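The values are calculated or read from the model by the stated rules, or taken from the named source; none is laboratory data. Please read these numbers as outputs of a predicted model, since none were measured by experiment. Every residue, glycine as well, gets a Cβ built from its backbone with ideal geometry; the counts of neighbours run over all protein chains shown.
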Protein chains: 2
Amino acid sequence: MKRINIADVAQKAGVSPTAVSFAFNKPEQLSRETVSRIRMIAVEMGYMPNPMARALIAQRSGIIGVLLPQPLSTVLANPYFHTFLQGISSMCDEQALSLMTLSPMNGSLDQAIARSPVDGYIIVGYNEAHHEVSLLRKRGIQYVLVDGDATRAPSVNIDDESGAYEAAKYLIQKGHRDILILMLDTAFGHADEQVHGVAMRRMHGYRRAYDEAGVAWRHEWVRPSVSSMLGGEQNFDAAYEQGLRPTALLGAADAIAIGAIQAAIRRGLRVPQDLEVIGYDDSLLANLIQPRLSTVHQPIFEKGRVALELLIGEWEAAAERITDVRAKQVRLPTHLVLRGTTT
Amino acid sequence: MKRINIADVAQKAGVSPTAVSFAFNKPEQLSRETVSRIRMIAVEMGYMPNPMARALIAQRSGIIGVLLPQPLSTVLANPYFHTFLQGISSMCDEQALSLMTLSPMNGSLDQAIARSPVDGYIIVGYNEAHHEVSLLRKRGIQYVLVDGDATRAPSVNIDDESGAYEAAKYLIQKGHRDILILMLDTAFGHADEQVHGVAMRRMHGYRRAYDEAGVAWRHEWVRPSVSSMLGGEQNFDAAYEQGLRPTALLGAADAIAIGAIQAAIRRGLRVPQDLEVIGYDDSLLANLIQPRLSTVHQPIFEKGRVALELLIGEWEAAAERITDVRAKQVRLPTHLVLRGTTT
DNA sequence: TGCCTTTAGTAAACCAATTTAGTAAATCGG
DNA sequence: CCGATTTACTAAATTGGTTTACTAAAGGCA
């Protein structure tokens with residue numbers, strides 16, 4: 001079963017392939033009857049122009065790629081990304097763009113990038129200095145960084161530091177001194193990974209509140225956790241078994257905080273009476289659990305929209321050959337939202 | 001800033017474009033030094049073969065398209081799809097495939113299909129008879145239907161009917177007679193849409209339990225709801241204001257059931273003491289709310305995996321020109337899971 | 001030295017469209 | 001009635017690669 005092409009239609013209609021192309025793209029170049037005859041035959045034969053050939057010649061596919069730091073199956077387990085992707089896709093719908101998610105293929109982004117027919121990238125969680133990112137720059141492909149450090153490339157970030165600062169300050173002001181901090185593990189950079197700006201900034205925010213209040217920063221009360229409910233559970237348990245007895249908890253992501261709460265409840269603690277908890281992100285999950293999670297709100301949905309807006313701006317700048325414009329660095333605000341896990 | 005192509009690299013290396021292609025794809029055709037020289041220059045220039053050209057000639061892009069019934073931003077609000085997409089993407093990761101989501105573009109799937117360079121489709125929530133689906137068949141593009149009725153095309157469904165039957169039977173056996181049923185609105189087919197098989201089968205399952213127990217089926221106790229928490233809330237409220245006082249509730253989707261529970265709690269009802277609730281799907285949400293939702297479990301993750309497996313099977317069959325093999329119709333089992341919203 | 005094989009590379013065809021330049025035939029004005 | 005323009009259509013170039021068929025030079029062997 002061979003897929004029919006423009007030549008097949010042309011032959012059946014007794015015209016040249018050019019005429020078939022015109023019938024769809026420039027009907028005014030042909031007589032009215034010829035156009036309708038060609039279209040009739042095309043529909044009848046089930047013809048549709050080959051998207052690859054079309055994208056090749058048009059030098060654009062109408063697809064944007066979202067470069068993710070983890071396999072898609074992992075990302076989809078994270079409510080933060082649900083909202084973020086919703087933001088991007090709401091903009092996609094408006095702009096008639098398609099969305100393609102790209103994850104590292106057996107560890108490397110290179111392969112994923114190499115075979116993706118996309119017009120530009122939204123890159124999540126990588127810094128400008130990252131190898132694959134600089135390759136894209138070299139190749140002249142437009143991209144926008146999200147949650148990654150950049151100076152030359154356009155980027156969207158949030159005010160991680162001040163959100164964290166507010167959260168820690170709130171707990172300290174309420175008199176808590178034994179605060180367990182479950183930090184993103186990316187703040188502690190493994191050998192092969194770059195230290196991640198987001199995690200660092202959140203840590204600095206917590207730290208600043210401690211310093212300003214004159215509270216000692218104790219390293220054994222700060223634990224790295226993977227950003228998932230399971231990570232939060234395991235780290236709370238581990239801290240408890242080390243003999244720590246926190247009266248409050250700062251989770252650098254909602255999922256971590258929620259996991260920790262479940263571990264705490266399992267140990268008979270009452271939230272918030274025995275343990276006050278503040279998460280980070282204000283993902284949808286925060287509002288679904290009981291008691292509802294106090295957390296640092298960030299505009300996740302808007303972040304996705306803004307990222308795509310910037311990317312579209314890059315295309316326009318490239319089309320008009322504006323290269324000296326300073327890349328836009330957007331920083332969205334954060335704020336503390338107090339709900340049921342604080343008193 | 002022009003994107004460099006194979007000819008640029010060839011020129012700089014003083015060889016033909018063919019040699020550059022060989023350096024990457026068939027290095028044994030060239031001398032060792034030439035290969036390494038070309039590769040050096042390619043890296044230096046930041047060259048990477050154009051994915052569209054590559055896909056055009058290879059007649060495959062390594063991308064699979066997931067055709068969704070709603071805009072992506074709507075789909076991502078639904079926990080059912082999170083798990084489903086996770087299932088597909090776990091398989092994608094293994095097979096080194098990329099995943100692209102496709103939603104109707106201003107109402108029409110046609111456009112979305114026309115510009116998508118994909119090797120095959122997983123089509124969610126459409127029947128075989130649907131116009132766009134039959135177009136794909138005509139064009140010889142492989143696809144698999146999920147949650148849609150099919151006889152000729154391969155499909156993945158679940159045992160909607162018996163899951164619903166079990167749920168309704170359980171509540172009836174416990175003595176409930178005033179059961180509010182919040183049905184999927186797709187069971188009541190609008191003018192421009194086809195009646196949706198999933199919704200119909202679930203309704204028939206509920207109905208069969210009523211009939212077998214000799215309980216009267218009262219239409220005013222069955223309400224169509226959109227598949228979201230908001231839909232569940234609004235419909236519970238509406239039913240209550242009509243004077244209905246249910247002692248139990250069947251939600252044809254978890255989101256509906258959860259929304260209804262929140263509306264019920266707001267009215268001072270205790271769940272499960274005053275209102276027993278059984279949802280449908282067993283999405284992750286069901287385990288996160290308090291009390292944990294009793295529901296009909298379906299293997300959502302596996303459904304995604306199986307769908308992609310079938311699609312890969314289609315490719316293989318097409319490659320071997322096997323056309324007379326009967327298309328595989330997979331039906332996965334469902335079962336009732338009792339948690340905290342039933343006594 | 002002559003013939004055959006291997007090696008290393010290139011020219012040209014091809015994938016499936018779009019677009020530019022060009023060509024007949026028909027129409028029009030003077 | 002003749003040159004100019006319009007109409008309706010086509011041939012050929014282009015997009016950026018891959019692949020097949022071919023060629024020239026080098027090496028092997030009698």
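One table, with the values for the structure above:
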quantity	calculated
Residue satisfying condition, being within 30 Å of A:Val9 (Cβ to Cβ), at pLDDT 90 or above and away from every other protein chain (no Cβ under 14 Å), within set B:Leu145, B:Leu136	B:Leu145
Of all residues in the range B:93-105 being more than 21 Å from B:Arg115 (Cβ to Cβ) and not aliphatic (A, V, I, L, M), the one that is nearest to the other protein chains (Cβ to nearest Cβ)	B:Asp93
B:His176 vs. criteria modelled with pLDDT of 95 or more, assigned by TED's automatic domain parsing to the domain that holds B:Gly279 and either assigned to a loop (DSSP other than H, G, I, E, B) or over 27 Å from the mean Cα position of the chain (by Cα) (or both)	yes
Which numbered condition A:Arg177 misses (of (1) away from every other protein chain (no Cβ under 14 Å); (2) crowded, with 22+ Cβ neighbours inside 10 Å)	(2)
From the options B:Val195, B:Val215, residue that is modelled with pLDDT of 95 or more, assigned to a loop (DSSP other than H, G, I, E, B) and not basic (Lys, Arg)	B:Val215
Residue list for the range B:70-80, restricted to those being part of a helix (DSSP H, G or I) and either more than 9 Å from chain A (Cβ to nearest Cβ) or modelled with pLDDT of 95 or more (or both)	B:Tyr80
Residue within the range B:138-156 that is in contact (Cβ under 8 Å) with a residue 60 or more places away in the chain, touching a Gly at 6+ places or on another chain (Cβ under 9 Å) and among the aromatic types (Phe, Trp, Tyr) present	yes
Which listed residue is out of contact with any Cys (no Cβ under 7 Å at 6 or more places or on another chain), more than 10 Å from DNA strand C (Cβ to nearest atom) and closer than 28 Å to B:Glu320 by Cα, from A:Glu28, A:Glu44	A:Glu44
Residue within the range A:62-76 that is within 16 Å of DNA strand D (Cβ to nearest atom) and either under 18 Å from B:Ser98 (Cβ atoms) or not assigned by TED's automatic domain parsing to the domain that holds A:Ile312 (or both) present	no
From A:Glu33, A:Glu44, A:Glu28, residue being outside the structural domain of A:Ala253 (by TED's automatic domain parsing), of a type outside the set (Val, Ile, Thr) and more than 11 Å from DNA strand D (Cβ to nearest atom)	A:Glu44
Hey, A:Ile63 more than 7 Å from DNA strand C (Cβ to nearest atom) and within 9 Å of another protein chain (Cβ to nearest Cβ) or not	yes
Residue tally, condition under 29 Å from the mean Cα position of the chain (by Cα), among the β-branched types (Val, Ile, Thr) and either farther than 26 Å from A:Leu109 by Cα or not assigned by TED's automatic domain parsing to the domain that holds A:Val277 (or both), over the range A:193-236	1
Given (1) within 7 Å of chain B (Cβ to nearest Cβ); (2) in contact with a Ser or Thr (Cβ under 9 Å, 6 or more places away or on another chain); (3) not small (Gly, Ala, Ser), index of the condition A:Leu56 fails	(2)
Test: residue in the range A:238-249 that is of a type in the set (S, T, N, Q), assigned by TED's automatic domain parsing to the domain that holds A:Leu180, within 21 Å of the chain's Cα centre (by Cα) and within 22 Å of A:Tyr165 (Cα to Cα)	no
Count of residues meeting criterion [more than 7 Å from DNA strand D (Cβ to nearest atom) and assigned to a loop (DSSP other than H, G, I, E, B)] in the range B:1-10	3
Residue within the range B:16-25 that is out of contact with any helix residue (DSSP H, G or I) (no Cβ under 8 Å at 6 or more places or on another chain) and more than 16 Å from DNA strand C (Cβ to nearest atom) present	no
Filter result (surrounded by 15 or more Cβ atoms within 10 Å (Cβ to Cβ) and either more than 28 Å from A:Ala55 (Cβ to Cβ) or more than 9 Å from DNA strand D (Cβ to nearest atom) (or both)) within the range B:11-22	B:Lys12, B:Ala13, B:Val15
Answer residue from the range B:23-56, given it is touching a Pro at 6+ places or on another chain (Cβ under 9 Å), in contact (Cβ under 8 Å) with a residue 40 or more places away in the chain and in a helix (DSSP H, G or I) and is surrounded by the fewest Cβ atoms within 10 Å (Cβ to Cβ) among those	B:Met52
Residue pairs meeting the criteria (Cβ under 8 Å; at least 6 apart or on separate chains; first within 14 Å of chain A (Cβ to nearest Cβ) and over 11 Å from B:Tyr47 (Cα atoms), in the range B:1-22; second of a type in the set (Ser, Thr, Tyr) and exposed (fewer than 14 other Cβ atoms within 10 Å of the Cβ))	B:Met1/A:Thr323
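Each row is one residue, and each column tells you yes or no for (1) modelled with pLDDT under 95; (2) more than 27 Å from B:Ala58 (Cα to Cα); (3) more than 19 Å from the chain's Cα centre (by Cα).
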{"residue": "B:Lys303", "(1), (2), (3)": "no, yes, no"}
{"residue": "B:Ala319", "(1), (2), (3)": "yes, no, yes"}
{"residue": "B:Leu332", "(1), (2), (3)": "no, yes, no"}
{"residue": "B:Leu336", "(1), (2), (3)": "no, yes, yes"}
{"residue": "B:Gly340", "(1), (2), (3)": "no, yes, yes"}
